[in-house]
Amino acid sequence: MFDSLRKFLSEVSEGGEHPIHFDHDDYRLAAAALLVHAAAIDGDICDAERDQLHTIIKRQFGLDEATTDELVAEATEAEHEAIDLYHFTRAINRSLDEDGRRRVVEMMWEIAYADGRVDDFESNLIWRVADLLGISSRERIELGQRVASRLGIAP
């Protein structure tokens, strides 16, 4: 909290732009929070997962470095404060069509495979999120296989 306040005061005093904030119901914040959750669910966010998280968010949402960093920071905070997945999936369901929701599940697979393997916690999380997003089991599995194939990893 103090770091963000210090950053804000520094930017204001230096004449920089005000920090960017994402609304609590912004689907980008919701999707990023789910990605943070996927990266952290096994108890440790390795460098590969951290790098992949940043890369995916920047690419998917067409953000610059500073905005990507801000979204990751806000998503991390939102994920820590969340009591369930529903808040995030509800925002995504309201904002994205079926293809967009499939893309969120695919991004989660990309995070899960970032360290070269998918553990049971990651797999279970993706299953639950896909279900809440209305993505069938068949599609969820196909998306995971597509990501594994693209990365050259055996699913």
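Any read-out appearing in this document is the output of simple, stated calculations on the displayed coordinates, not a laboratory observation. Quick caveat: nothing in here was measured; it's all calculated off a predicted structure. For neighbour counting, all protein chains shown are included, and Cβ atoms are generated from backbone atoms with ideal geometry for every residue, glycine included.
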Projected onto the charge dipole of the chain (+1 at Lys/Arg Cβ, -1 at Asp/Glu Cβ, origin at the Cα centre), which of 35, 148, 112 gives the Cα projection farthest towards the positive end? 148
Taking the dipole about the Cα centre of the chain, with the C-beta of Lys and Arg at +1 and of Asp and Glu at -1, give me whichever of 87, 129, 56 is farthest to the positive side. 129
Only Cα pairs within less than 10 Å get springs; with that Gaussian network setup on the chain, which residue of 50, 140, 59 has the largest fluctuation? 59
Roughly what angle does helix 65-81 make with the longest principal axis of the chain, taking Cα atoms, 0 to 90 degrees, to the nearest 10? 70 degrees
Calculated FRET efficiency, residue 138 and residue 98, Cβ-Cβ r, R0 22 Å, to nearest 0.05? 0.95
Under Karplus coefficients 6.51, -1.76 and 1.60, residue-wise ³J(HN,Hα) of the range 87-95 in Hz, glycine/proline x: 4, 6, 5, 5, 4, 5, 4, 6, 9
The simple spin-label model distance between residue 51 and residue 84, using points 7 Å out along Cα→Cβ, in nm, is 3.8 nm
Sequence order, the range 140-153: Karplus ³J(HN,Hα) from phi using 6.51 cos²θ - 1.76 cosθ + 1.60, θ = phi - 60°, Hz rounded, Gly and Pro as x, gives 4, 5, 4, 4, x, 5, 4, 5, 4, 5, 4, 8, x, 10
Run the dipole for the chain about the Cα centre, Lys and Arg Cβ at +1, Asp and Glu Cβ at -1, nothing else charged, and hand back the magnitude in debye, nearest 20. 620 debye
With runs of 4+ DSSP H residues as the only contributors, calculate the mean residue ellipticity of the chain at 222 nm using -39,500 (n - 2.57) per run, divided by the residue total and rounded to the nearest 500. -23000 deg cm²/dmol
Relative contact order for the chain: what percent, with Cα pairs under 8 Å and sequence separation of 6 or more? 26 percent
With everything on Cα atoms, drop me the angle between helix 98-112 and the longest principal axis of the chain, reported from 0 to 90° to the nearest 10. 90 degrees
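Any chance you could run the full-extension gain for residue 145 through residue 64? It's 0.36 nm times the residue separation minus the Cα-Cα distance, nm to one decimal. Write down the numbers at each step before the final one.
Working: separation 81, 0.36 × 81 = 29.16 nm, distance 2.97 nm.
Fully extending the segment from residue 145 to residue 64 adds 26.2 nm.
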